[in-house]
Structure formats: C-alpha cells, structure tokens
Amino acid sequence: MAVRIDGKALAAQVKARVREEAARLPRQPGLAVILVGEDPASKVYVNGKEKDCTECGIQSFSHRLPAETSQEELLALVRELNADRLVDGILCQLPLPKGLDEEAVINAIAPDKDVDCFHPFNVGRMSIGEPVFLPCTPAGVMEMLRAYDIPVRGKNCVVLGRSNIVGKPMAMLLTQADGTVTVCHSKTEDLVEFTRRADILVSAIGKTRFVTADMVKDGAVVIDVAMNRDENGKLCGDVDFAAVEPKASFITPVPGGVGPMTRAMLMENILTAAKQHQAT
Ligand code: NAP
C-alpha cells in the first residue's frame, strides 16, 4: 500500500516557515490580488489565497473589478501596482472574462512581482536554470518529492499534460532534477506504454479516473495534480485513487495533495519577492 503524501501537512510547514521569515523583514510583504468579474471558482481561489496571506503575515490588497472592465483600465491598474512599493507580488486571477487579453496582462506585470511565474521573462529564466520564482504547482510537486526523500535522479518520469502552467514547467523541473522525462498529451500514441514505465508519474490532464491501475507500474510514485469534479460534484483528481493506491509506493490524494502545496508555494514566492525588494 502506498504512502500517502500529505500535502496539507507539508503546506502548513511551508506556510509556518514563510510566516516566521516574513515577520523578520523590516516591512510586511504585500500581495495585490486582482479579480475581474464574478466567476464563482475564481472567487473561491482568490479568497483562499487571501486567507493564506493572513496566515503568513502577508498583507493582501484586494482589487475586485466588474466584468465590464476594459483592457486599458486593467493594464492601468497593473502599471499602478508595478510602481507601488508596498506591493511585492501581483496576482491576476485567470481566466479573465471574454474580451480581455490574458497574455497582455501577464506580460504587463513586472517580472520581479510575477509571483505566479507566468511572465515569459521568468519562464525563460526557469528554463535555463536561473529562476527567480518557480511556478507554484510544479514547485509544490518538487517540494513534496524532496520532503518524502523521493529520488528523481535517473528516474523515468512521465508527465501527462503539456500546459504552460503545469505540464511544461513540471517537465522542466524534473529534468533539472536529473530525471529522464517524457511528456504525454492528447496526441500521444500508446500512452499506456509510457505510463507503465514511469517511476514517477505526474498527471495534469483534468479527466476524472483517467489514470487506472493497469497504467501504473508496481511501486511507482503517483502525483495527481488535477482538480476535477466527479459525477457527484466531489473534488477528485485524474487518478483512480482506490485502485492505484495499493500498487504505488507513494501517492498524492485529491483533495489534500498538490492543491495546498500550490497555495503554499505562492506564499513562498511572495516572501522571495519581498526579500529582493527590501534588499534593494
Ligand atoms: P489544460 O491547460 O487543460 O491542459 C491539459 C493537458 O492535458 C493538455 O496538455 C492536453 O493535451 C492533455 N490531455 C487532455 N486530454 C488528454 C488525453 N486524453 N490524453 C493525454 N493528454 C491529454 O490543463 P492545466 O491547466 O494544465 O490543468 C490540468 C489539471 O490540473 C486540471 O484538472 C486543473 O484543474 C489542475 N490544476 C491543479 C492545480 C493545483 O493547484 N492542484 C493547479 C493548476 C491546475 P493537448 O496539449 O494535446 O491538448
């Protein structure tokens, strides 16, 4: 039976460390949170991030804007926050309402305040192994592997999904940790041939019970990034947890796995930004 990787407990440790370090800084770190429109899921995410900030001793500056906000108004707010010395990080909750250009907004955020690590400058820095910030979800996964002493070096790592925010950076970080990485996506032929050889299998597809027991090697480490809803509306991942758990050596549950770690890594990125701003 696999060891369950406890993302909630690990996230609590990371946040406690951030809180301790934040309290020692001359100025309280600050995060500006922009939420445009009324998307219910986005509201839940934003509320969660603001709660994390409170827990970590980080000040959050909330900017709730109506769905009719224009591109120019949104960019003007980002420019204002870029110049605000009390703001160390800027987070614009995605997706934006139709008509707003997400890429333009991401590109407008000053790279030194891009705590989500979405800006092309930071993505480039990460890809050459000189990161300022790491994207929160893949960074959270790497932290989990480290905390449970799971070696990556030389291991066969398979990442399901190639999105810019999860799959691609995940593959990059595993490669930098000396894993041998294969990225699979919707056009991959014989996907099961790849998953069955994986020592570390990371799934970030967004399809309930996609990863079944026959796709997993005995003793594999199975990391489930997805946050899906099953037929009863219950939060679940990509992995058929009950069937895969007996086969794996380590497994992350959903909820209580990668999700809390993603949030904790955001707090760590804000702390990093605050340290840099206060050192200059
Ligand atoms: P995304 O942008 O929709 O990407 C999904 C990826 O899965 C794509 O690369 C797609 O391939 C691939 N895919 C889809 N169907 C497939 C199939 N049948 N076989 C193989 N690959 C397939 O999603 P995302 O933003 O990366 O998010 C993925 C999941 O992680 C979602 O459930 C999301 O909610 C969750 N998530 C969780 C956290 C967290 O904090 N835990 C953070 C971010 C995202 P193509 O590229 O070929 O289309």
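What the table below lists for this structure:
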item: Only one of 140, 206 that is at positive phi and not basic (Lys, Arg); result: 206
item: So residue 187, is it in a helix (DSSP H, G or I) and within 9 Å of the ligand (Cβ to nearest atom); result: no
item: Every residue from region 213-241 that is within 12 Å of the ligand (Cβ to nearest atom) and either in contact with a His (Cβ under 7 Å, 6 or more places away or on another chain) or part of a helix (DSSP H, G or I) (or both); result: 215
item: Cβ pairs under 9 Å, 6+ apart, first in region 167-191 and open to solvent by less than 30 Å² (accessible area, probe 1.4 Å), second more than 9 Å from the ligand (Cβ to nearest atom) and of a type in the set (Ser, Thr, Tyr); result: 169/127; 171/182; 174/180; 184/195
item: Members of region 242-254 that are open to solvent by 10 Å² or more (accessible area, probe 1.4 Å) and more than 9 Å from the ligand (Cβ to nearest atom); result: 242, 243, 245, 246, 247, 249, 250, 253
item: Scope region 133-147; condition part of a helix (DSSP H, G or I) and within 13 Å of the ligand (Cβ to nearest atom); matching residues; result: 136, 137, 138, 139, 140, 141, 143, 144
item: Restricting region 1-18 to residues that are touching a Pro at 6+ places or on another chain (Cβ under 7 Å), open to solvent by 60 Å² or more (accessible area, probe 1.4 Å) and modelled with pLDDT of 95 or more, the residue that is farthest from residue 251 (Cα to Cα); result: 8
item: Among residues of region 42-71, those that are assigned to a helix (DSSP H, G or I) and either aromatic (Phe, Trp, Tyr) or open to solvent by 50 Å² or more (accessible area, probe 1.4 Å) (or both), counted; result: 7
item: Residue count, region 19-51 (criterion: among the β-branched types (Val, Ile, Thr) and over 30 Å from residue 251 (Cβ atoms)); result: 3
item: Any chance residue 261 is part of a helix (DSSP H, G or I) and closer than 18 Å to residue 157 by Cβ; result: yes
item: Counted residues, region 103-121 - those being in a helix (DSSP H, G or I), under 24 Å from residue 25 (Cα atoms) and open to solvent by 20 Å² or more (accessible area, probe 1.4 Å); result: 2
item: Residue in region 203-241 that is surrounded by the most Cβ atoms within 10 Å (Cβ to Cβ), counting only those that are farther than 16 Å from residue 256 by Cα and under 17 Å from the mean Cα position of the chain (by Cα); result: 205
item: Close pairs from region 235-257: first small (Gly, Ala, Ser), partner in a loop (DSSP other than H, G, I, E, B), Cβ under 6 Å, at least 6 apart; result: 237/226; 237/254; 248/2; 248/220; 249/2; 249/219
item: From 94, 100, 74, 81, residue being open to solvent by less than 20 Å² (accessible area, probe 1.4 Å), assigned by TED's automatic domain parsing to the domain that holds residue 48, touching a helix residue (DSSP H, G or I) at 6+ places or on another chain (Cβ under 7 Å) and of a type outside the set (Ser, Thr, Tyr); result: 74
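The values are calculated or read from the model by the stated rules, or taken from the named source; none is laboratory data. Bear in mind the structure is a predicted one, so any value in this text is a computation, not a measurement. Note that we place each Cβ from the backbone using ideal geometry, even for glycine, and neighbour counts take in every protein chain shown. What goes into the accessible areas is simple: the full protein's heavy atoms, side chains included, and nothing from ligands, DNA or RNA. Shrake-Rupley method; radii C 1.70, N 1.55, O 1.52, S 1.80 Å.
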